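J.: If you scroll down you'll find the structure; I have some questions about it.
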Amino acid sequence: MIWKENVECAARADLKELQSGYLRKLIPYIYQNCAVYRRKLDAAGVKPDQIKSIDDIKRLPITTKEDMRDNYPYGLFSAPQDQIAEIHVSSGTTGNPTLVGYTKDDVKLWGEVMARAFCCAGAIPGDTIQIAYGYGLFTGGLGAHYGALEMGLRILPTSSGQTARQLKLMQDFKPRIIACTPSYVLYMAEEAKTLGIDPAKGNWKIGVFGAEPWSDAMRNEIEHTWNMLATDIYGLSEIIGPGVAQECQHKDGLHVFSDVFYPEIIDPKTGQEVPEGESGELVITTLTKQGIPLIRYGTRDIVSIRYDKCRCGRTSPRISKIKGRTDDMIVVRGINVFPSQIEHVLVGIEGTQPHYQIVVDRQAHQLDEVEVLVEVEQRFFSDEIKRLNELRDKIKKEIANVLSIGVKVTLVEPKTIKRSEGKAQRIVDKRKL
């Protein structure tokens, strides 16, 4: 089943015509309603009436995460505030989070693309879905919820956590689909075994997993452990949340809903488009959003793209799994973590040194764990242990307030963390994804 066959299976020429029409409407809209974009377009020497076709998109300036951060909270809005129906935020690189606002039409659009995603994964109307993504400011839970409503799925909105209860609900209501992070579903398998539940005899047959990087090896483990199909979903809050792209049951790339999100793959150093099949930075233009439409937003995710027709019948472009990042962001339990966030906390706490390291690890079937090694002044190690513990607890609390996840903090003596003549190695990622 294909949710919106007329666009998901459209000929490339027809899709291009549709995209061109949307772009011709988008540029005058943002030029008139968003002062930030008006300045950016003027600086690039581009007037709205010069944009005739989707091919002209290359003339438009790139939008960066810094643009969103520097114009927080409402600078990039194109719709007036009284038309914004919903707001979500995610962590930013320093104090300001990344904000996205939705009009009522944007919320409907979100439900539409998420319905396409669930259908792409193999869901059919009437299925029961267990949504174990977090609900709230994080876009995962509500995005999945809107899509399930649009598709006509029966929803168990369990959110994240309370694993024993998640497993009981799985047994009681027998949902066919689970939507959560891939690391969490493996964690649930481990918990299931301690409760005497055989995961291979569970009820979930389709998994829609995202919000963190995961490999084909991790996919194989999930599919073997749970006896289910494990599919990858891609999205980011700046664009809409989950629902930008989704794997079908053939697992041969993620289908981009490109009538809504126009993808380009560029060389991050030159800004030039790379050939089909080669890796580069994914850049996305939101063609039909109203609240905060973004032009050529640099996701910093490294992928490749292909345009051949998929065995499922869809002709939409397909991106690979994320191969890396152009920045130093890592994703932990669905949360964006930047070393600069940790640094921002530490510089405000007396007694810390400007040397730290973030260690991320994941034990078998467990959730990601973050340890922050922090060098502190020598006097703390020759003073009462109470003062050392108080400093550690203060740092731990402040980091948790910024990241919205708990971390382990280890205080170490000066010159403990290895120095580098080049760029400091702030992150040690030990996860076997």
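J.: Scaled to the compact-protein estimate 2.2 N^0.38 Å, what is the alpha-carbon radius of gyration of the stretch 155-306, rounded to two decimal places? Before the final figure, lay out each step's value.
T.: On the way: Rg = 17.8 Å, N = 152, 2.2 N^0.38 = 14.8 Å.
Here the answer is 1.20, to two decimals.
J.: Oh, and also: With label points built 7 Å along Cα→Cβ from the Cα atoms of Ile87 and Asp267, find their separation and express it in nm.
T.: Computed distance between label sites Ile87 and Asp267 equals 4.1 nm.
J.: Continuing with the same structure: Taking a cut-off of 34 Å, what percent of all Cα-Cα pairs in the stretch 1-325 are separated by more than that?
T.: I get 22 percent for the Cα pairs in the stretch 1-325 exceeding 34 Å.
J.: What's the magnitude of the charge dipole for the stretch 335-429 around its Cα centre, counting Lys and Arg as +1 and Asp and Glu as -1 at the beta-carbon? Answer in Debye, nearest 20.
T.: Rounded to the nearest 20 debye, it is 60 debye.
J.: State the extension gain, in nm to one decimal, for the chain segment bounded by Lys418 and Tyr74, taking 0.36 nm per residue of separation less the distance between their alpha-carbons. Can you show the working numbers first?
T.: Numbers: separation 344, 0.36 × 344 = 123.84 nm, distance 4.16 nm.
Once the chain is fully extended between Lys418 and Tyr74, it gains 119.7 nm.
J.: Quick check on the chain: helices-only [θ] at 222 nm, where DSSP H runs of length 4 and up contribute -39,500 (n - 2.57) each and the sum goes over total residues. Nearest 500, please. Before the final figure, lay out the partial values.
T.: Working: 11 runs with 134 residues, N = 433.
After summing the helix terms and dividing by the residues of the chain, the value is -9500 deg cm²/dmol.
J.: Would you mind classifying the stretch 270-327 by shape? Square roots of the alpha carbon gyration tensor eigenvalues, ordered a ≥ b ≥ c; an a/c under 1.5 is rounded, otherwise it is prolate if a/b is larger than b/c and oblate if not.
T.: oblate
J.: Which lysines have a Cα less than 29 Å from the Cα of Lys430, not counting those fewer than 8 places away in the same chain?
T.: Cα-Cα hits under 29 Å: Lys65, Lys193, Lys251, Lys269, Lys321, Lys323, Lys394, Lys396, Lys397, Lys408, Lys415, Lys418.
J.: A further question on this structure: How long is the gain from Glu343 to His250 if the chain were fully straight, where each residue apart is worth 0.36 nm and the alpha carbon distance is subtracted?
T.: Contour length minus the Cα-Cα distance gives 29.2 nm.
J.: Here is a further query. Shape call for the stretch 57-144 from the C-alpha gyration tensor, a ≥ b ≥ c root eigenvalues: rounded (a/c under 1.5), prolate (a/b greater than b/c) or oblate?
T.: Note, shape of the stretch 57-144 comes out prolate.
J.: I want to check the label-to-label distance for Ala400 and Leu388. Put each point 7 Å from Cα in the C-beta direction and report it in nm to one decimal.
T.: Calculated label separation equals 2.1 nm.
J.: Also: Restricting things to alpha carbons, find the Rg to Rh ratio for the stretch 335-429 using the Kirkwood radius for Rh. List each step's numbers first, then the result.
T.: On the way: Rg = 13.3 Å, Rh = 13.9 Å.
Using only Cα positions, Rg/Rh for the stretch 335-429 is 0.96.
J.: What does the extension gain come out to for Arg39 and Met1, with contour length at 0.36 nm per residue minus their alpha carbon separation?
T.: Difference between extended and current length: 9.2 nm.
J.: Spin-label point model (7 Å from Cα, Cβ direction): what's the Gln171 to Ala217 distance in nm?
T.: 3.3 nm
J.: Another one. Please get the size of the charge dipole for the chain, origin at its Cα centre, with Cβ charges of +1 on Lys and Arg and -1 on Asp and Glu, quoted in debye to the nearest 20.
T.: Working: 57 positive and 57 negative charges, 69 e Å.
So the dipole magnitude of the chain works out to roughly 340 debye.
J.: If neighbour count is taken as other Cβ atoms inside 10 Å, put Cys310, Cys120 in order from fewest to most.
T.: Exposure proxy ranking, most exposed first: Cys310, Cys120.
J.: What FRET efficiency comes out for Val428 versus Asp56 if R0 is 45 angstrom and r is the Cβ-Cβ distance? Round to the nearest 0.05.
T.: 0.55
Read-outs throughout are calculated quantities, based only on the coordinates presented, and are distinct from any laboratory measurement. In this text, all values refer to a predicted model and were calculated from it rather than measured experimentally. Cβ sites come from the backbone with ideal geometry, for glycine too, and all protein chains shown count toward neighbours.
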